[in-house]
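The values are calculated or read from the model by the stated rules, or taken from the named source; none is laboratory data. Values in this document were obtained by computation on a predicted structure and should not be read as measured data. Virtual Cβ from ideal backbone geometry, glycine too; neighbours counted across all protein chains shown. Remember, those area values only see protein heavy atoms, side chains included, never the ligands or the DNA or RNA. Shrake-Rupley method; radii C 1.70, N 1.55, O 1.52, S 1.80 Å.
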There are 2 protein chains.
Amino acid sequence: MRSVFRFAWLIPVLATLAHAQTEKVTVDRFFAEALAHGQAYENLRVLTTQHPGRLAGSQSLEGAVVWAQKTLGALPLDRVYTQDVMVPHWERGAPESVLLLDSAGHCQPLAAAALGNSGATPADGLTAEVVEVKSLAEVRALGRTRLAGKIVFFNRPMNPAVFRGMTAYGEAGDQRNQGPAAAAAGGAVAVLTRSLTHALDDVPHTGNTRFPPESAAIPAAALSTLAADRLAAALAADPHTRVHVAIHARKLPDAPSHNVIGEIRGSEFPDQIIVVGGHLDSWDITPGAHDDGAGVVQSIEVLRLFRALGLKPRHTLRCVLFTNEENGLRGAVRYAQLAREEPGRHIFAIESDNGGFAPNGFNFGSTQGDAHLRAARWRGLFEPWGLWNFSKGSGGADVGPLMLAGVTIAGLTPDSQRYFDYHHTAIDTIEKVNPRELHLGAAALAALVWLVDTQGL
Amino acid sequence: MRSVFRFAWLIPVLATLAHAQTEKVTVDRFFAEALAHGQAYENLRVLTTQHPGRLAGSQSLEGAVVWAQKTLGALPLDRVYTQDVMVPHWERGAPESVLLLDSAGHCQPLAAAALGNSGATPADGLTAEVVEVKSLAEVRALGRTRLAGKIVFFNRPMNPAVFRGMTAYGEAGDQRNQGPAAAAAGGAVAVLTRSLTHALDDVPHTGNTRFPPESAAIPAAALSTLAADRLAAALAADPHTRVHVAIHARKLPDAPSHNVIGEIRGSEFPDQIIVVGGHLDSWDITPGAHDDGAGVVQSIEVLRLFRALGLKPRHTLRCVLFTNEENGLRGAVRYAQLAREEPGRHIFAIESDNGGFAPNGFNFGSTQGDAHLRAARWRGLFEPWGLWNFSKGSGGADVGPLMLAGVTIAGLTPDSQRYFDYHHTAIDTIEKVNPRELHLGAAALAALVWLVDTQGL
């Protein structure tokens, strides 16, 4: 009898080792299955070629809604449904045009894309002198004396010496987000902004700008970085250089759209919900492969991977494809509102909205602030697959409203060096996506979700 | 007096903190300078557009040698010189052609590229039945009975479930490296191999194959992965499917080439040498942007970064651009031989030969085997720039001969998911290189070299 009990201490040790081994085996299975049989890339090809330009209010977006329901339904899942969401409806209208007029009266087209929420010029455009600025502070300092009747040109570039793309984007982005409103307050007639990218090329990058409710929207467009440099050079040579701008955008009444949700019901805690998601909408001028087609197809792939591996989540697992992230966030707000009203409670929500590039890690946001430290205990499972960075961060715009409601949120953190080459442009196409990188991201999401589901966070 | 000595313990503490701060400041300066003002990308653009197809024995390679001397000389450096190297001279000749003949006699071209060292077919080609195999073992088992007079078709793909590209490449590569020789020993008249890539497309990937001195070279070509699948499907439908192969390659007498070296003389230990390098040659069908133009321009950039930051290396710092890595390694062997003969001694040599992708870390090879553990003490300096992985590895082919002579060697470890999409193909072009990723790699090399130079490894 005694010899039996002599080795009793081995039992918890062996159990721990076995558990650790199961952990590793399952995480590795997610990655191997995604790399060998991932369907995300093919789904992304269909989404971006059949439903490009998925702007809130567009037919393309609602076509994508139907595609998403069909694709989720085919996995199959326990439930596929939509949530009705009223979304802002802004349209670009006829193609914009920005022309640099030299002193001899010759016109040189400058590659440009109107910003979301831009106002319109008169039908045959407007012509004015240009004031180049590098910051909102500079605009406010110049005031009506210098700005009234002018076109304000924001030309502070994204800082190339900053490592993370999203950080440099955030630092330079106030020019696009708030610049037109600040310029309008100073009496400017239009705004041009340098595209938010590190690349030097002739591809304009659109994006949202915001006017306060009491202020009229003025015409605003982003110039390609090459066009911005040409305009700056022209102004340096002749401060009275004029530019002609024609933008035909219009704001329409809010339109109906939809979040799309696919669900596998939890086997033990069906009233506790884990969300993995991305946003289904995109800007109008882009097929939106990286932004955020990648997040959409990766989220669908997470549920497919659970099915392929024969795994039943203990908690209810939802793939949520949000509408209207780009210019309103109404999908995310609606989802969080309905989440408060439903009987279940959300325990974790992760978003992929930084492109389909090789995943480096995850970033976590929570009201307690230390979820990233707890998740870092799983780091050893992810390092063989290239992920190592478990940091504090903001997760993703669409899961932000859930964090405000107390849910721990996260975001997939991919390599960020290429994202802003394509972000919000016509060149964010399927060819810019590498299938292996995309599928590694999907596997990473699935593995983290599985770990949270089986062990908690 | 006593109170002065009470705080004496602070001195080493503050000195350590100051030292750590200097370390971080300098490493960050390398990265900021490379990201903001890196010249590697422009150098790569010139190298790949003016000197594509830099195969050993070609005029293009010797043109690149002249370009490299000029580019290094312009930095400026203390010394720029070349080493004479006799290199093997194989030429592809007129374009190869591989045709799938169906039972009705129709020809379907299969995208193909002759392998380096391939023999030639008769001038108007040869036609034979095809035996598909998945391994060298299978070829040896089949023997003359099944192989004599046939074309052997190696069709085992790179394993998609393996994370690291180089690992999957190594596992599948024996088919290309040794398959034709094994097939020739069995009486095969020619060999076709599936291109070594994860991509499914119509781009053939060349590469070297080796015949033992006593064996005649038979014609051997790599098929694009799509062509390989088409051939496999045809064979499954009709095992007597025939293929026509025409390859006009020829082996010429060895030709003169050159390693190119740029040097900054060490301020304290000029007879101790640190090498950073890449290989200047490429396959003939490719501009060689990632393989290995990236390593070449990153190595040049390391010396530019030292100059730009006003840093004088304590040891002699050499940028070594090796010739003939792709099909002979004669440049590396010659360099190591001359290194043994010169008065100085090498203390560290690092190569970049895995593409200009975002750097993830470094791999170290040494006879003691623990250099990666010692280098890992610097990990905290690199993590803000995306590098984290300090592992044991093989460094790079060109610094391998130095390791055999007792030198600690290393290689830059970039993200590996895209490399084999372009490796040894016509599509390894400048457009596939992201300037930020390339410059991050250059900065990483420079920072590690500086740390080894100032602290030892």
Item to check | Scattering curve values for the stretch B:213-325, log₁₀ I(q)/I(0), Debye with Cα scatterers, q = 0.10, 0.11 Å⁻¹ | outcome: -0.56, -0.63
Next on the checklist: Just to be sure I understand the interface: list residues from the stretch A:408-426 that lose 40 Å² or more of accessible area between the chain on its own and the complete protein assembly, 1.4 Å probe.
Outcome noted: A:Q417, A:R418
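Could you work out the percent of alpha carbon pairs in the stretch A:359-457 separated by over 16 Å, rounded to a whole number?
60 percent
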Item to check | Evaluated over the stretch B:196-244, the Cα radius of gyration and Dmax, each in Å | outcome: 13.6, 38
Checklist entry - Which loop trypsin sites (Lys or Arg not before Pro) in the stretch B:56-161, with loop taken from DSSP, have no more than 16 other Cβ atoms within 10 angstrom of their Cβ? => result B:K134
Checklist entry - Shortest first and in nm to one decimal, what separations exist between A:C107 and its copies in the other chains, measuring from label points 7 Å along the Cα-to-beta-carbon line? => result 5.4
Checklist entry - Dipole size in debye (nearest 20) for the protein assembly as shown around its Cα centre, Lys and Arg Cβ +1, Asp and Glu Cβ -1? => result 2160 debye
Next on the checklist: What does DSSP give for chain A in terms of the percent of beta bridges that are antiparallel, rounded to the nearest 5?
Outcome noted: 50 percent
Item to check | Mean-position separation - Cα centroids, the stretch A:74-138 and the stretch A:379-438, in angstrom | outcome: 26 Å
Checklist outcome for this item: With R₀ set to 35 angstrom, the calculated FRET efficiency between the beta-carbons of B:A36 and B:Q368, to the nearest 0.05, is 0.40
Checklist entry - Hey, if you drop one equal point scatterer on each alpha-carbon of the stretch A:45-160 and run the Debye formula without solvent, what base-10 log of I(q)/I(0) do you get at q = 0.13, 0.15, 0.21, 0.22 Å⁻¹? => result -0.79, -0.91, -1.27, -1.32
Checklist entry - Could you give, in nm with one decimal, how far A:K392 is from each other copy of that position, shortest first, with labels 7 Å out from Cα toward Cβ? => result 3.8
Item to check | the stretch B:96-250: antiparallel DSSP beta bridges as a percent of all, rounded to 5 | outcome: 55 percent
Item to check | Residues in the stretch A:367-393 occluded by at least 10 Å² - accessible area, probe radius 1.4 Å, against chain by itself | outcome: A:R379, A:E383, A:P384, A:W385, A:G386, A:W388
Checklist entry - Per 10 Å bin from zero, what fraction in whole % of the C-alpha pairs of chain B is there, up to the bin with the longest pair? => result 4, 21, 28, 22, 14, 7, 3, 1, 1, 0, 0
Checklist entry - Per 5 Å bin from zero, what fraction in whole % of the C-alpha pairs of the stretch B:96-250 is there, up to the bin with the longest pair? => result 2, 11, 20, 25, 22, 13, 6, 1, 0
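Quick one: what do you get for the stretch A:1-78 if you divide its Cα Rg by 2.2 N^0.38 Å?
Here the Cα radius of gyration is 2.07 times the empirical estimate.
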Checklist entry - Averaged over A:159-166, how many beta carbons belonging to a partner chain fall within 10 Å of each residue's beta carbon? => result 5
Checklist entry - Placing +1 at every Lys and Arg Cβ and -1 at every Asp and Glu Cβ, with all other atoms neutral, what dipole size does chain A have around its Cα centre, in debye to the nearest 20? => result 1120 debye
Checklist entry - When the accessible area of the protein assembly as shown is computed with all protein chains present and a 1.4 Å probe, what percentage of it is carbon and sulfur? => result 56 percent
Next on the checklist: List the residues of the stretch A:29-58 for which accessible area in the full set of protein chains is at least 10 Å² lower than for the chain on its own; 1.4 Å probe, protein heavy atoms only.
Outcome noted: A:A32, A:L35, A:A36
Checklist entry - Once label points are set 7 Å from the Cα along Cα→Cβ at both B:R265 and A:V13, what is their separation, rounded to one decimal in nm? => result 6.2 nm
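Quote to one decimal, in nm, the extra length available between A:A405 and A:Q272 on full extension: 0.36 nm per residue of separation minus the C-alpha distance between them.
46.4 nm
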Checklist entry - In nm, what does the list of distances from A:T127 to its counterparts in the other copies look like, shortest first, when each label sits 7 Å along Cα to Cβ? => result 7.1
Item to check | Rotational relation A to B, axis-closest Cβ in chain A, residue and distance rounded to whole Å | outcome: A:W388, 2
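Could you compute how much accessible area chains A and B hide from each other, both sides summed, with a 1.4 Å probe? Nearest 100 Å² is fine.
For chain A against chain B, roughly 2100 Å² becomes buried.
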Checklist outcome for this item: Computed for the stretch B:96-250: size of charge dipole around the Cα centre, +1 on C-beta of each Lys and Arg, -1 on C-beta of each Asp and Glu, debye to nearest 20, value 380 debye
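Once you have the Kirkwood Rh of the protein assembly as shown from its Cα pairs, apply Stokes-Einstein at 37 °C and 0.692 mPa s and quote D in µm²/s.
Once the numbers are plugged in, D ends up at 108 µm²/s.
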Checklist entry - Ordered by residue, what ³J(HN,Hα) values in Hz, to whole numbers, does the stretch B:151-160 give under the Karplus form 6.51 cos²θ - 1.76 cosθ + 1.60, where θ = phi - 60° and Gly and Pro are x? => result 9, 8, 10, 7, 9, 8, x, 4, 6, x
Checklist outcome for this item: Within the stretch A:366-389, the residues whose backbone N lies under 18 Å from a label point placed 7 Å from the Cα of A:Q21 along the Cα-to-Cβ direction are A:381
Item to check | For chain B, with +1 on Lys and Arg beta carbons and -1 on Asp and Glu, the positive-most of B:Q69, B:A255, B:F154 along the dipole | outcome: B:Q69
Next on the checklist: Among DSSP bridges having both ends in the protein assembly as shown, what percentage is antiparallel? Round to the nearest 5.
Outcome noted: 50 percent
Checklist entry - Helix A:225-237 versus the longest principal axis of chain A: what angle, 0 to 90°, nearest 10, using Cα atoms? => result 30 degrees
Item to check | Backbone HN-Hα couplings from phi across the stretch B:281-294 [Karplus 6.51/-1.76/1.60, Hz, Gly and Pro as x] | outcome: 7, 8, 5, 6, 8, 10, x, x, 5, 7, 10, 10, x, 4
Next on the checklist: For Cα pairs less than 8 Å apart in space and 6+ apart in sequence, what is the mean separation divided by the residue count of the stretch B:96-250, i.e. the relative contact order in percent?
Outcome noted: 39 percent
Next on the checklist: Per 0.36 nm of contour for each residue apart, how much would the distance between B:D78 and B:E138 grow if the chain were fully extended, relative to their Cα-Cα spacing?
Outcome noted: 16.0 nm
Checklist entry - Residues of chain A: accessible area per residue at 1.4 Å, in Å²? => result 38 Å²
Checklist entry - Which cross-chain or sequence-distant (5 or more) residues have an amide H under 5 Å from the amide H of A:G361, H modelled 1.01 Å from N in plane? => result A:W388, A:N389, A:T413
Item to check | Value at 222 nm in deg cm²/dmol, rounded to 500, when DSSP H runs of n ≥ 4 in the protein assembly as shown each add -39,500 (n - 2.57) | outcome: -11000 deg cm²/dmol
Checklist entry - What list of ³J(HN,Hα) couplings, whole Hz, do you get for the stretch B:195-209 from phi and the Karplus terms 6.51, -1.76, 1.60, once you set θ to phi - 60° and write x for glycine and proline? => result 4, 8, 7, 8, 6, 10, 7, 9, 9, x, 10, 7, x, 7, 10
